[in-house]
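The values are calculated or read from the model by the stated rules, or taken from the named source; none is laboratory data. Just so you know, these numbers come straight off a predicted model, no measurement behind them. FYI the Cβ positions are ideal-geometry reconstructions off the backbone, even for glycines, and counts take in every protein chain you see. What goes into the accessible areas is simple: the full protein's heavy atoms, side chains included, and nothing from ligands, DNA or RNA. Shrake-Rupley method; radii C 1.70, N 1.55, O 1.52, S 1.80 Å.
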Amino acid sequence: MPTLDLINLRKQFGSVTNPVVAVNDLNINVADGEFLCILGPSGCGKSTALRMVAGFEEPSGGDVQIDQQSIINMPPNKRPTAMVFQKYTLWPHMKVYDNIAFGLKLRHLPKNQIDQEVQASLELVGLGRYGDRYPAQLSGGEQQRVAIARALVLKPKILLLDEPFSNLDALLRVRLREELRQIQRNLKITAVFVTHDQEEALSLADRIAVMSKGELQQLDKPATIYARPKTLFVADFIGAMNMLDGEVNGGVVKVGNQRLPSPAECVAAPAKIAIRPEDVIVTQTGEGAWHGRITQVSDLGHYRKVFVQSPDLGMLKLYLPKSIEINDGEMITFKPTRFLIFQGPLPPFEVKL
Amino acid sequence: MATRSRYLNTLFAGYALIAPPLIILVLLIFYPAGQAIVRTVMTDQEVGIAAGLTLDRYFNFFADPIARSNLWFTIWVTVVTTALLFLVCFPLSLYLRFSSSRIAGIVQVLALFPLFVPGVILAFALIRYLGPRGTVDTFLRIVFNYTGFVTPYLKPSGIIFALVWDHIPFTVLVLTAGLRQVEDSVIEAARDVGASGLRVFFQIVLPLIQRPLLIVFCLNMIGIFGSFTIPYLLGPAAPQMMGVYMQQTFTDYLDRSGAETQAVLSFLICSVIGALYVRTVTRRRGERA
């Protein structure tokens, strides 16, 4: 039952006097058969963390364990992991067949078994008849599929993927993402997928580890990450969010000229109020109604993205159903239905109206 | 009509641009070279007898034991020097490509330094350093009281030593550039599926730098085969490398057609390597991106 544990994993670059901490005391456990995404902006240390699992970076501290066994002293060629890289991953002087068979040949498997396994893995990624081609004769998407086949054919305990689709165009990215998810489900293989694309993470992962500046911000199911971000960074980074400055005082949080209820646990202090664009309803003018002028309406298929200039709150972004008739330049009144109150580094309080 | 005349104008401008170097190339290099080649296969002009075709000059060359030994010596020096160059430069280039330490910068400067030293200066420096009563000899005598130092000066090893030194920068430059074309992820992918360092080198890196490898091989072979200054100043009186032999035949023995024959033979040998070079450079990379 392959499980993966990163324990206080740490990586620092640079000199002793001027260290740059790329990964700081990272603790992540990946369950057997789980698909975990490490998500974060570029430079957050997510790729470094993955490369430490694969063995291409040496940790400055901490441990990496597969099935409770430390693999930290193994060179990359001895680790039971297989990696799919971002780009330039196939060996250009070998045919697709030889690219996939390379690792099997190193393991001295009999020729007919190699043939069978190469063919099976090519079929798994939908490229059954591509064995005789050179990488240069394949499209970018096909090349990455071969790279996935090459990793899977070795039956690794852990499959590692380092932004494998980021060089592909949007449509192909979505399709390959779905195919990868299907393959992973069928094989029940434990996988760690690094990406900066939150949509990719939200649609692929069983759980997402959000990283920022080398630190783990939150490790949760996609729905939880979206609904209950634990830190301001996660709230801002995942999905769209209206971030407003507020002040808590006696069961009320004051935002601009508006007052919203706040839980008793909130201390009287400045706070950040986070409202998802979809957590609003259009209302009549009256008590507790917010108003503003619509500056831009974009039709995004099944809903509308609306920018509203509020006199005291600045620019707000709202997602509204198409059933509501709205136009540029009109005034609109609305109310938040749900929001989060962030105070300091503590997890936020959720308020539903 | 307008487009046609514009097309012709562009065409004309293009040819006008390449005309001066092309004319110089043809008039000063190809034409005299062609003439020389033709002269080596023609009988001498005598009054009343028409000139005819003959291979006598080449038979004479190969009948002459000195000429033969000079040719073999040149080929031997070329092969040994090229082999030593790879032995020295390959580890150096691998180090420069894969090391991220600060020392790599210093090593690179040292490796490229000979590029800025003219061959004649190098030759005299080596005479002062490795020659009889030179720096090394004197040092061994004074410090270790050792008098058995055998100088490479005026020996084949002197030529080879200097030629290797002289060709290191070019070899390292081309090999390092070739190695830099091999992406890290290509190597890491091979490590990842279980290949050891040696296997990565032989099955991934080496095939991927085949082209720069062949280029550096061909250009080094041709350059070393035709070298003059270093063998002239550091080499033995006999056997001689072809460049020195030609010069001597031409100016000391005043044997113009003999020197021409030697030159054409040298050219033929180099053009075999040249053909390999041209094939390498122009080959379509069907299997490569």
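Just name the residue that is most open to solvent (accessible area, probe 1.4 Å) out of those in segment A:65-77 that are away from chain B (no Cβ under 14 Å) and part of a loop (DSSP other than H, G, I, E, B). It would help to see each step written out before you state the result.
The initial filter retains those residues of segment A:65-77 that are away from chain B (no Cβ under 14 Å), namely A:65-70, A:72-73.
After this cut, where a residue has to be part of a loop (DSSP other than H, G, I, E, B) as well, the list is A:67-68, A:72-73.
Details: A:Asp67: 40, A:Gln68: 126, A:Ile72: 43, A:Asn73: 145 Å².
For segment A:65-77, the residue satisfying everything is A:Asn73.
Quick one: would you say B:Arg57 is assigned to a helix (DSSP H, G or I), more than 25 Å from the chain's Cα centre (by Cα), basic (Lys, Arg) and at pLDDT below 90? Reasoning before the result, please.
Details: assigned to a helix (DSSP H, G or I): yes; more than 25 Å from the chain's Cα centre (by Cα): yes; basic (Lys, Arg): yes; at pLDDT below 90: no.
So B:Arg57 does not fit the description; no.
What pairs come up if the first residue lies in segment A:162-178 and is among the charged types (D, E, K, R), the second is assigned to a loop (DSSP other than H, G, I, E, B) and crowded, with 16+ Cβ neighbours inside 10 Å, and their beta carbons are under 6 Å apart, counting only those six or more places apart or on different chains?
A:Asp162/A:Phe85; A:Asp162/A:Gln86; A:Glu163/A:Gln86; A:Arg173/A:Phe165
Conditions tested, residue by residue: (1) without any contact (Cβ under 8 Å) to a residue 60 or more places away in the chain; (2) touching a His at 6+ places or on another chain (Cβ under 8 Å).
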{"residue": "A:Pro263", "(1), (2)": "no, no"}
{"residue": "A:Val267", "(1), (2)": "no, no"}
{"residue": "A:Gly286", "(1), (2)": "yes, no"}
{"residue": "A:Ala289", "(1), (2)": "yes, no"}
{"residue": "A:Met315", "(1), (2)": "yes, no"}
{"residue": "A:Ser323", "(1), (2)": "yes, no"}
{"residue": "A:Ile326", "(1), (2)": "yes, no"}
{"residue": "A:Thr333", "(1), (2)": "yes, yes"}
{"residue": "A:Leu340", "(1), (2)": "no, no"}
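Taking the options A:Gly62, A:Gly14, name whichever one is open to solvent by 40 Å² or more (accessible area, probe 1.4 Å) and more than 14 Å from every other protein chain (Cβ to nearest Cβ).
Details: A:Gly14 fails: more than 14 Å from every other protein chain (Cβ to nearest Cβ).
After applying the criteria, what remains is A:Gly62.
Here is a yes/no grid of residues against (1) in a helix (DSSP H, G or I); (2) in contact (Cβ under 8 Å) with a residue 40 or more places away in the chain; (3) open to solvent by 20 Å² or more (accessible area, probe 1.4 Å); (4) within 14 Å of another protein chain (Cβ to nearest Cβ):
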residue	(1), (2), (3), (4)
A:Leu36	no, yes, no, no
A:Ser47	yes, yes, yes, yes
A:Met52	yes, yes, no, yes
A:Gln86	no, yes, yes, yes
A:Leu90	no, yes, no, yes
A:Lys105	yes, no, yes, yes
A:His108	no, no, yes, yes
A:Asp115	yes, no, yes, no
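Which of the strands (runs of 3 or more DSSP E) contained wholly in segment A:193-272 include at least 2 residues that are among the aliphatic types (A, V, I, L, M) and out of contact with any helix residue (DSSP H, G or I) (no Cβ under 7 Å at 6 or more places or on another chain)?
Numbers: elements: A:207-212, A:215-220, A:242-249, A:252-255, A:258-261.
In segment A:193-272, A:215-220, A:242-249, A:252-255 are the strands (runs of 3 or more DSSP E) which contain 2 or more residues that are among the aliphatic types (A, V, I, L, M) and out of contact with any helix residue (DSSP H, G or I) (no Cβ under 7 Å at 6 or more places or on another chain).
Looking at A:Asn27, is it surrounded by fewer than 23 Cβ atoms within 10 Å (Cβ to Cβ), assigned by TED's automatic domain parsing to the domain that holds A:Ala209, polar (S, T, N, Q) and touching a Leu at 6+ places or on another chain (Cβ under 7 Å)? Explain how you work it out, then say what you get.
Working: surrounded by fewer than 23 Cβ atoms within 10 Å (Cβ to Cβ): yes; assigned by TED's automatic domain parsing to the domain that holds A:Ala209: yes; polar (S, T, N, Q): yes; touching a Leu at 6+ places or on another chain (Cβ under 7 Å): yes.
It is true that A:Asn27 is surrounded by fewer than 23 Cβ atoms within 10 Å (Cβ to Cβ), assigned by TED's automatic domain parsing to the domain that holds A:Ala209, polar (S, T, N, Q) and touching a Leu at 6+ places or on another chain (Cβ under 7 Å).
Filter segment A:292-303 down to residues that are open to solvent by 50 Å² or more (accessible area, probe 1.4 Å) and not β-branched (Val, Ile, Thr) and give me whichever is nearest to A:Arg338 (Cα to Cα). Spell out how you get there, then give the answer.
Looking only at segment A:292-303, we keep the residues that are open to solvent by 50 Å² or more (accessible area, probe 1.4 Å), and these are A:293, A:295-296, A:299-300, A:302-303.
Now restrict to residues that are not β-branched (Val, Ile, Thr): A:293, A:296, A:299-300, A:302-303.
Details: A:Arg293: 22, A:Gln296: 23, A:Asp299: 24, A:Leu300: 23, A:His302: 21, A:Tyr303: 19 Å.
Out of the qualifying residues, it is A:Tyr303.
Can you tell me how many residues in segment A:135-150 are assigned to a helix (DSSP H, G or I) and more than 8 Å from chain B (Cβ to nearest Cβ)?
If we filter segment A:135-150 for residues that are assigned to a helix (DSSP H, G or I), which is where we start, we get A:135-137, A:140-150.
Checking the rest, the ones that are also more than 8 Å from chain B (Cβ to nearest Cβ) come to A:137, A:140-146, A:148-149.
Qualifying residue count, segment A:135-150: 10.
Please go through segment B:132-172 and pick out each residue that is part of a helix (DSSP H, G or I) and among the β-branched types (Val, Ile, Thr). Break it down stepwise before answering.
So in segment B:132-172, the residues part of a helix (DSSP H, G or I) come out as B:135-144, B:156-172.
Across segment B:132-172, the qualifying residues are B:Thr135, B:Val136, B:Thr138, B:Ile142, B:Val143, B:Ile159, B:Ile160, B:Val164, B:Ile168, B:Thr171, B:Val172.
If B:Tyr245 satisfies all but one of (1) within 14 Å of another protein chain (Cβ to nearest Cβ); (2) modelled with pLDDT of 95 or more, what's the number of the condition it fails?
In the conditions (1) within 14 Å of another protein chain (Cβ to nearest Cβ); (2) modelled with pLDDT of 95 or more, B:Tyr245 misses (1) alone.
In segment A:304-327, what residues are in a strand (DSSP E or B) and open to solvent by 60 Å² or more (accessible area, probe 1.4 Å)? Outline the logic, then answer.
Initially, segment A:304-327 is screened for residues in a strand (DSSP E or B), giving A:304-310, A:314-321.
Matches in segment A:304-327: A:Gln309, A:Met315, A:Pro321.
Please go through segment B:202-226 and pick out each residue that is more than 15 Å from B:Phe170 (Cβ to Cβ) and in a loop (DSSP other than H, G, I, E, B).
Selection gives B:Ile209 alone.
Taking the stated definitions as given, is A:Ile100 closer than 22 Å to A:Pro164 by Cβ, in contact with a Leu (Cβ under 8 Å, 6 or more places away or on another chain) and either more than 7 Å from chain B (Cβ to nearest Cβ) or among the hydrophobic types (A, V, I, L, M, F, W, C) (or both)?
Working: closer than 22 Å to A:Pro164 by Cβ: yes; in contact with a Leu (Cβ under 8 Å, 6 or more places away or on another chain): yes; either more than 7 Å from chain B (Cβ to nearest Cβ) or among the hydrophobic types (A, V, I, L, M, F, W, C) (or both): yes.
Taking the combined requirement at face value, the residue satisfies it.
Among (1) modelled with pLDDT under 95; (2) closer than 16 Å to A:Glu34 by Cα; (3) open to solvent by 20 Å² or more (accessible area, probe 1.4 Å), there is one condition A:Leu204 misses while meeting the rest; what is its number?
(3)
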